[in-house]
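Presented below is the structure to which this report refers.
The values are calculated or read from the model by the stated rules, or taken from the named source; none is laboratory data. For clarity, every value in this text was computed on a predicted model and none was experimentally measured. Don't worry about glycine lacking a Cβ; one is built from the backbone with ideal geometry, like all the others, and counts go over all protein chains shown. Keep in mind that these areas ignore ligands, DNA and RNA; they rest on the heavy atoms of the full protein, side chains included. Shrake-Rupley method; radii C 1.70, N 1.55, O 1.52, S 1.80 Å.
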Amino acid sequence: MTVVLEVKNLQIAFGGVKAVDGLSFSVDAKEIIAVIGPNGAGKTSAFNCITGFYKPSSGAVLLYGQNITGKRPADIAAAGVSRTFQNLRLFPDLTVLDNVRAGMHLYGGQNWLDAILHTPRFKRSEAAYTEEAHHWLDFVGYSGARGVPIRNLSYGQQKHVEIARALARKSGLLLLDEPAAGLNYTEKRDLLDLCQRIRELGTAIVLIEHDMGLVMELSERIVVMNFGKEIADGTPAEVKANPAVIEAYLGKDDDEEVSARGDA
Amino acid sequence: MIQLIWDGLFVGSFYALIALGYSMVYGIIKLLNFAHGDIYMLGAFIGFAVLTSVGGIPASLSIGALLVVMLVSMLLTGTAGVLIERLAYRPLRGAPRLAVLITAVGVSFSLEYGISALAGPNPRAFPIRLEGNVFVLLGARISLPQIILMLIAAMLMVLLNFYVEKTSTGRAMRAISLDRNASLLMGINVNQVISRTFFIGSALAGAAGVMAGAYYGKIDFLMGFIIGLKAFTAAVIGGIGNIKGAMLGGLVLGFVEAFGAEWFGGQWRDVFAFAVLILFLTLRPTGILGQRVTERV
Amino acid sequence: MAMLEFDNVAVYYGKVQALRGISLTVEEGEIVALLGNNGAGKTTTLSTASGLVKSHSGRVSFNGTDITKAMPWNVVGAGLIHVPEGRRIFSTMTVLENLLLGGYLVKDRALVAKRIATVYELLPLLAERSTQQGGTLSGGEQQMLAIGRALIAGPKMLMLDEPSMGLAPLIVARVMQVISEIRDQGTTVLLVEQNARAALKVTDRAYVIDGGTTTIEGRAVDLLGDSRIIDAYLGA
Amino acid sequence: MSENVDTTLAPRTTRPPASPISRLFESKQLGWIALAIALLIPLLIATPYSLNVMTTAAIFVLLASGLNIVVGYCGLLDLGYIAFMAVGAYTAGIIAKAFDLPLIFTIPAVIIMTVLAGLIIGAPTLRLRSDYLAIVTLGFGEITRITANNLSITGGPSGIFGIPGLLKIGDFDLQEPAVFYYVTVLVVAAFVLAAARLGKSRLGRAWRFVREDEDAAEAMGIHTYKVKLMAYIFGAVWGGFGGILFAAHLSAVSPQSFVFLQSALVLMAVVLGGMGNMRGVVIGALVISLLPELLRDLSTYRYLVFGLLLVVVMVFRPQGFWPARGYEPERMGDVSDRRLAKGTVR
Amino acid sequence: GGLLGGGGNGGDSTGDSGPIKLGMVIPISGSSAPTGAYMKNGAQLAVDEINKAGGVLGRQLELDVEDEACDAQQSVAGANKAVSNGVVISVGGYCSGATLPEIPIFQKANIPMIIPAANSQDLVNQGAKNVFMINGTGKQQSTAALAFIKKQKFATVALVDDNTSYSKDINTETKSQIEADGAVKVVLSTSVTAGESDYSSVVRDIMGAKPALVYWTGYYQEGGLIINQLKNAGFAGQIMVADGSVDPSLAQIAGAGADGVYATMTQTPDTLKGAEDWIASYKKAFNSDPGPYSTQSYDAVRLAAEAIKQAKSTDGAAIITALEAIDGFQMFSGPLKFTAEHTLSSGGFVILVIKDGKFSLEDDLS
Ligand SMILES: Nc1ncnc2c1ncn2[C@@H]1O[C@H](COP(=O)(O)OP(=O)(O)OP(=O)(O)O)[C@@H](O)[C@H]1O
Ligand SMILES: Nc1ncnc2c1ncn2[C@@H]1O[C@H](COP(=O)(O)OP(=O)(O)OP(=O)(O)O)[C@@H](O)[C@H]1O
Ligand SMILES: CC(C)C[C@H](N)C(=O)O
Ligand SMILES: [Mg+2]
Ligand SMILES: [Mg+2]
């Protein structure tokens, strides 16, 4: 198994708050890993450190063994990390298709001179962009209008577009920050299915999620954080039974909040 | 040297007073109100009209008369600001920000050439002129009118700062600037608060206009243009949208200009001032007091 | 008399019709849930009540007064408070300032202070963070703040748009508990939730919105056993 | 945007699908029709005045199309855009006069100088957001003008006069007003077309991504710095060519032509026309440059009326005359906007 | 005619019937607008008088005023408009910077220019055959200034301009003449930015340099402020201003300190004997006092009429020949005879002084 991502002893603090305080985990190819933990545990901050939006104060992030710690987001993205955001970060005035095309920026295929001269190369690459965009929208099961600006979409629709955009990046690692938030039961089932199909593309997934049903069913391993620290790392079954995790996060009455239950 | 600092401080307080209105309006509706300098001009002309219609004023009364005229002018420019917002800016709520900016330029043209059509394009000598004892302090010549004007300016600024920082209307202003729809859900009458902001900002500019008329002695229909740009600059140096920053920015700009003129000669003063500004902003991209918005991703 | 009543309300965004005749009632003291797929029109329904969105036709009334055309601040003044989707915390203001803004229309300062104290009791996490900037709170912390902020206004009725979104399981339970506590203290609640199972546990009645119209209505206990609901929103 | 929210509550632009008329307007042929009209007009009215005004308007269109790259596409508020035209005009004027060269031969030098100017102005502004950027660009504009006013190589406040024409071969002089008008229109049309094409390319999309959300753009692997610099450079080159035409047209360059107001007017053209949409911007530029001329006979009331008209127009058309539509065909080769936001995801 | 109508009625006044059109491109908007109004009135007065007396060549005169806002681009449009409207001669020109690019346009259209006010040396340097200047040039003004400075034995001089071409022109010219002469010392030569209110920095510089005379070469708006601020700062030396500052408002703006301020200026109606009637008729026509360049504009029109009369034609070349031949035509600045450069033989500069807020003749430098 090749190791895709390795996070070693990551730390970052804001003022007095140690948002991430010594996080370490690694992700193998095609693996799906969940990061869970109470609100404010530092999950999103960890994502931000990995993707270069925050500069970690110490620790290292290795992608395919190559150190990417502290590089700027665009370089990390180019190195092969793709992500979605907890609060949607789409381009609201642009069309659905353009939003997905954003994920294909690194494909290249044309330069500005091609564009000005409308060379055949340019036309070919534009056609390819559009075709790919439709492909990824179909892949995530998006059935809404595609030529309209993102603003006109409901929240759930936007979530799908964001995933399509991230997939269009075709990178080996996908970080999803709470993809199921705001989705109802049926939609979560679709998401589950989608993640499995993504894995089949050869992409490893790290997802932050609060929906335990989804997490338990989907992930091979779960990293649990609390107050920036890692309090557990193991299989779903191990984590579920871990008293510290129950205490800090799950609560005793574990099936209460699970809307997408494992046995569904 | 002391003279230099004093002169910079004095001009700077004019900049600051106008920058305040700029910054307030910017803070709340993110509008670079290019017509703001023209409100200052309007204030001066209202003062002029009031004074000439009253007729001769005994020189001894000039400070008192000035204060009264200033109040009248503040009231009227404030109202003008509210009207302009109503008619020209409010219909553009929710429109792209630059659209409002262009409207503001249109308003600026209208004010300038409207006054020029009404009062003629000639510069006018202001009917009262603040003249007073000059004394020398640490080698700098300082005049009584300068001190009085700076006191008035400082007082207005302190009041305003209190209003914005400590009252609930002030808090509402800041809230609107952050998220207008969420402010609506707090029960904030957004229209009313914006109107108030325009009133206050414009009244301050009006006060500055009267003060400038009385101190410098000349007013004309284009007098707001350059100082408007300066105030804009000052507001940005201070951290646009930030009230204290605007005051500070005004004073800093006054100093930088004074030193620029001293070191490089009058013709290079603005080049120096802008170069300093650019350099400064590259080092501190959000101005002196502007919040470094740690964007959460 | 119903506390909140929608009578055949239609809403357009430009030429897109989002609501195609919503009718519903919420009685005083009830917790009513609104369920529905993404894009069904739940958020639009709440926004219409709070005056953020203007309806095309139909009528909305609150406590017997017609608020169809009321301005948002008048709706708030009447005691109908909307906690919006996505929390919408004032990001560069402190937690305390956010709470104070919740009490913007309350002229009695002592009352505001008292309510803040109550909120701090109810949601102790906020007390700890009272001087932190709202924008730097974690998602769950922000949701607490949004609810707390709404309570400072002293609402007669609270409309919550997906309050459990992004919250940890323990907190979801806590939020639902807080919602029942709020109701027990006399505040009526209209709750939009994707987490139907959690929502139906605390609600009295629920409506399902589909394609901009209210399709199913019933008591929560009944709906929990309704196959249409189970298939679409609960899972077996 | 730092808002910690989704966009559901934010004011949205909801534009209906294209009506048949606007579809006609958006057709590919429109540009050619406009060009044909521009080329035919002199056959109807060819007074020195109308030629002069139309030439000025055409140059203004070029400027607006350049600024549209910076502001409309990339969202960088530039209040000192006229500086690029100044750099172009002075470079061309100085070189042409010093070596008594037709202006056409100064093109390489102008490109070099404007690219440099784009880099110099772009580099320090890259970290700045929106309005801080505005003041810095305004500052650069003023620095450029005042420097030109104070240096002797630029002719000081009087500027440079008697600049040679674009090109003269025997009896054929491009400077002949009607000929010059045609040359200008063709050059401008080429630049406008190029700018419009850039807008619809990978680079053009990258500009828009940066405009909408820099962080998200970075996450897509887009180097926001590089992309913004490209916008400045293209804008600068467009401005530089505007400068050459300007110098040729007036045969004179002086600092008063590059005051802040000029930058504001170009910006006005872009916004009034419809940011980001090249066709709209062309119309905006024509309106902004022709309107004051049409109002010339009002003499003293000219700018009062101009100002009021601006306000009224903006109030009634806040998006500009012809904004970027924000829609595209649903499928390739599909002209209609099928299935408007009706479909829900499930 | 508007933008589109320009061609329709243009051209015919060069024919033999209808009114003869005089073009006048001057600032109607912008910060120089006040002077534009004075000039327009002065010209209109002459047109009316001439028309009342039967016109020229049996035809009436008509003034075509175009705005240039002191901006090159606008003046080019204005000049082209005038050409399209069929003017046979131009009698405008206030801002040198805006007037310069008009020259090739009028030249190409074979239209002579009588420039009443603009007087930068650059205008002369163009060497255009069709340009005639009836205001003294910058060089002549500097010469007059130096003559007066030496006469009054001012040992040290500070030169201040406003960074416009006209103003800087006089500053540099005066400076080089003074330096060439050697008797007087220039202790400061600097610029300010026009359009502001606070000139404390230049005041500081002047106070530091302690000149016996300050020569302000810009316009009256800023001139008034600088005089006032200098006096408030306790400046004890003398102040002199150039012709751009000669305006009744100068003294009003400068306030109490204005008395005793000198000016280099061509004769104005106020200082001319026998101009009272003229002032009265101006007042009657426009209900206001004449201002700077009202007289020159008036003279420009009269001169144009005279030249057309002499040429017996409205053809440009004929008018130019007639203008070159004119000798002894009476103007406010005295009898006219153009030099080979088409400028006044003597600038006609005199020194005025402000007394009780009014300019009066101090020294005719003869
Ligand atoms: N830019 C910032 N400035 C200051 N504090 C921050 C910043 N970003 C995060 N924090 C703080 O760091 C802690 C961790 O936040 P983070 O967003 O990573 O939590 P999380 O685990 O993603 O929580 P949730 O599940 O609620 O989204 C929180 O206490 C938060 O307030
Ligand atoms: N401002 C808007 N402009 C255009 N269309 C809109 C706008 N807001 C919502 N819509 C459309 O109206 C419909 C209802 O949207 P709404 O946000 O009310 O749905 P919702 O039920 O809250 O969905 P979700 O669960 O995803 O939040 C959707 O189809 C959406 O695309
Ligand atoms: C005083 C004026 C006659 C000077 C004129 N403005 C010029 O530029 O030449
Ligand atoms: Mg998070
Ligand atoms: Mg919703």
Filtering region E:272-292 down to residues that are within 14 Å of E:Ala37 (Cα to Cα) and surrounded by fewer than 17 Cβ atoms within 10 Å (Cβ to Cβ) yields E:Lys283, E:Ala285, E:Asn287, E:Ser288, E:Asp289
Scan region E:1-34 for residues that are over 12 Å from E:Ser84 (Cα atoms), of a type in the set (A, V, I, L, M, F, W, C) and either part of a helix (DSSP H, G or I) or modelled with pLDDT under 85 (or both) and jot them down.
-> E:Ala33
Give the number of residues within region B:141-190 that are assigned to a helix (DSSP H, G or I) and under 25 Å from B:Leu75 (Cβ atoms).
-> 27
Taking region D:141-171 only, how many residues are more than 13 Å from D:Lys97 (Cα to Cα), more than 14 Å from chain E (Cβ to nearest Cβ) and either open to solvent by less than 30 Å² (accessible area, probe 1.4 Å) or not aliphatic (A, V, I, L, M) (or both)?
-> 5
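Based on what the data block shows, is E:Ala180 open to solvent by 20 Å² or more (accessible area, probe 1.4 Å) and touching a residue at least 40 places away in the same chain (Cβ under 8 Å)?
Values: open to solvent by 20 Å² or more (accessible area, probe 1.4 Å): yes; touching a residue at least 40 places away in the same chain (Cβ under 8 Å): no.
Against the criterion (open to solvent by 20 Å² or more (accessible area, probe 1.4 Å) and touching a residue at least 40 places away in the same chain (Cβ under 8 Å)), E:Ala180 does not qualify.
Yes or no, residue by residue, for (1) within 17 Å of D:Thr300 (Cβ to Cβ); (2) modelled with pLDDT of 90 or more; (3) open to solvent by 10 Å² or more (accessible area, probe 1.4 Å):
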| position | (1), (2), (3) |
| --- | --- |
| E:Tyr38 | yes, yes, yes |
| E:Ile50 | no, yes, yes |
| E:Ala53 | no, yes, yes |
| E:Gln60 | no, yes, yes |
| E:Asp67 | yes, yes, no |
| E:Ala82 | no, yes, no |
| E:Ile89 | no, yes, no |
| E:Gly93 | no, yes, no |
| E:Glu102 | no, yes, no |
Residues located in region E:122-143, provided they are within 9 Å of another protein chain (Cβ to nearest Cβ), part of a helix (DSSP H, G or I) and either touching a helix residue (DSSP H, G or I) at 6+ places or on another chain (Cβ under 9 Å) or within 16 Å of ligand 2 (Cβ to nearest atom) (or both) = E:Asp122
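The rows are residues; the columns are (1) open to solvent by 30 Å² or more (accessible area, probe 1.4 Å); (2) more than 13 Å from ligand 4 (Cβ to nearest atom); (3) hydroxyl-bearing (Ser, Thr, Tyr); (4) within 13 Å of the chain's Cα centre (by Cα).
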| residue | (1), (2), (3), (4) |
| --- | --- |
| A:Pro38 | no, no, no, no |
| A:Gly42 | no, no, no, no |
| A:Asn48 | no, no, no, yes |
| A:Gln66 | yes, yes, no, no |
Would you tally the residues in region C:2-44 being away from chain A (no Cβ under 14 Å), of a type outside the set (Phe, Trp, Tyr), more than 24 Å from C:Ala232 (Cα to Cα) and in contact with a Leu (Cβ under 6 Å, 6 or more places away or on another chain)?
-> 2
Tell me which residues, restricted to region E:56-103, are within 13 Å of ligand 3 (Cβ to nearest atom), hydroxyl-bearing (Ser, Thr, Tyr) and within 12 Å of chain D (Cβ to nearest Cβ).
-> E:Ser75, E:Ser96, E:Thr99
Which members of region E:335-355 meet the condition of being open to solvent by 70 Å² or more (accessible area, probe 1.4 Å) and out of contact with any Lys or Arg (no Cβ under 9 Å at 6 or more places or on another chain)?
-> E:Pro335, E:Lys337, E:Ala340, E:Glu341, E:Ser346, E:Lys355
For A:Gly22, are the conditions met, namely being in contact with an Asp or Glu (Cβ under 9 Å, 6 or more places away or on another chain) and modelled with pLDDT of 90 or more?
-> yes
Would you check which residues across region D:260-275 are open to solvent by 10 Å² or more (accessible area, probe 1.4 Å) and more than 8 Å from every other protein chain (Cβ to nearest Cβ) and list them?
-> D:Leu261, D:Gln262, D:Leu265
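Residues being of a type in the set (A, V, I, L, M, F, W, C) and either surrounded by fewer than 20 Cβ atoms within 10 Å (Cβ to Cβ) or closer than 27 Å to E:Pro292 by Cβ (or both): count how many of those fall in region E:308-321. Walk me through it before giving the result.
Going through region E:308-321, the residues of a type in the set (A, V, I, L, M, F, W, C) turn out to be E:308, E:311, E:317-320.
If we keep only those that are either surrounded by fewer than 20 Cβ atoms within 10 Å (Cβ to Cβ) or closer than 27 Å to E:Pro292 by Cβ (or both) as well, we get E:308, E:317-319.
Going through region E:308-321 one residue at a time, the tally reaches 4.
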Out of the residues in region B:253-292 that are small (Gly, Ala, Ser), assigned to a helix (DSSP H, G or I) and free of Cβ contacts under 8 Å to residues at least 12 places away in the same chain, state the one that is most open to solvent (accessible area, probe 1.4 Å).
-> B:Ala275
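Hey, any hits in region B:191-207 for a residue that's part of a helix (DSSP H, G or I), within 30 Å of C:Ala78 (Cβ to Cβ) and within 14 Å of chain D (Cβ to nearest Cβ)? Before you say what the answer is, go through the steps one by one.
Initially, region B:191-207 is screened for residues part of a helix (DSSP H, G or I), giving B:191-207.
If we keep only those that are within 30 Å of C:Ala78 (Cβ to Cβ) as well, we get B:191-200.
Filter once more, so that each one left must be within 14 Å of chain D (Cβ to nearest Cβ): none.
For region B:191-207, residues part of a helix (DSSP H, G or I), within 30 Å of C:Ala78 (Cβ to Cβ) and within 14 Å of chain D (Cβ to nearest Cβ): absent.
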For region D:201-208, does any single residue satisfy the condition of being more than 8 Å from every other protein chain (Cβ to nearest Cβ) and of a type in the set (Gly, Ala, Ser)?
-> no
Note on region D:154-175: residues among the aromatic types (Phe, Trp, Tyr) and in contact (Cβ under 8 Å) with a residue 40 or more places away in the chain are D:Phe161
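Under the condition of being without any contact (Cβ under 8 Å) to a residue 12 or more places away in the chain and under 13 Å from D:Leu203 (Cα atoms), which residue from region A:109-156 is nearest to the chain's Cα centre (by Cα)? Quick ask: steps written out before the conclusion?
Initial filter on region A:109-156 (without any contact (Cβ under 8 Å) to a residue 12 or more places away in the chain): A:111-120, A:123, A:127, A:131, A:135, A:138, A:143, A:152, A:154.
Okay, now just the ones that are also under 13 Å from D:Leu203 (Cα atoms), so A:111-116.
Working: A:Asn111: 30, A:Trp112: 31, A:Leu113: 35, A:Asp114: 34, A:Ala115: 32, A:Ile116: 36 Å.
Within region A:109-156, the match that is nearest to the chain's Cα centre (by Cα) is A:Asn111.
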Read through the list (1) open to solvent by 30 Å² or more (accessible area, probe 1.4 Å); (2) within 14 Å of chain C (Cβ to nearest Cβ), then give the number of the only condition that B:Met155 fails.
-> (2)
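C:Ala127 - would you say it is away from chain A (no Cβ under 14 Å) and more than 16 Å from ligand 1 (Cβ to nearest atom)?
Working: away from chain A (no Cβ under 14 Å): yes; more than 16 Å from ligand 1 (Cβ to nearest atom): no.
No; evaluated as a whole, the condition is false for this residue.
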When (1) farther than 22 Å from A:Met225 by Cα; (2) not in a helix (DSSP H, G or I) are applied to A:Ala19, the one that fails is (1)
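For A:Asp93, indicate whether it is within 14 Å of another protein chain (Cβ to nearest Cβ), open to solvent by 10 Å² or more (accessible area, probe 1.4 Å), within 16 Å of ligand 2 (Cβ to nearest atom) and within 26 Å of C:Gly86 (Cα to Cα).
Details: within 14 Å of another protein chain (Cβ to nearest Cβ): yes; open to solvent by 10 Å² or more (accessible area, probe 1.4 Å): yes; within 16 Å of ligand 2 (Cβ to nearest atom): yes; within 26 Å of C:Gly86 (Cα to Cα): yes.
The answer is yes for A:Asp93.
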In region B:81-100, is there at least one residue being closer than 20 Å to B:Val210 by Cβ and more than 14 Å from every other protein chain (Cβ to nearest Cβ)?
-> yes
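Among the residues of region D:279-293, write down those that are open to solvent by 10 Å² or more (accessible area, probe 1.4 Å) and in contact (Cβ under 8 Å) with a residue 40 or more places away in the chain. Walk me through how you get there before you give the answer.
At the first step, the residues of region D:279-293 found to be open to solvent by 10 Å² or more (accessible area, probe 1.4 Å) are D:279, D:282-283, D:286-287, D:289-293.
If the condition is that a residue be open to solvent by 10 Å² or more (accessible area, probe 1.4 Å) and in contact (Cβ under 8 Å) with a residue 40 or more places away in the chain, then D:Arg279, D:Val282, D:Leu286, D:Ser289, D:Leu290, D:Glu293 are the ones that fit.
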Looking at region D:123-138, is at least one residue buried (at least 23 other Cβ atoms within 10 Å of the Cβ) and either under 23 Å from E:Cys70 (Cα atoms) or away from every other protein chain (no Cβ under 14 Å) (or both)?
-> yes
Check E:Tyr215, E:Tyr220, E:Tyr166 and return the single one that is crowded, with 24+ Cβ neighbours inside 10 Å, out of contact with any strand residue (DSSP E or B) (no Cβ under 9 Å at 6 or more places or on another chain) and either of a type outside the set (A, V, I, L, M, F, W, C) or touching a residue at least 60 places away in the same chain (Cβ under 8 Å) (or both).
-> E:Tyr166
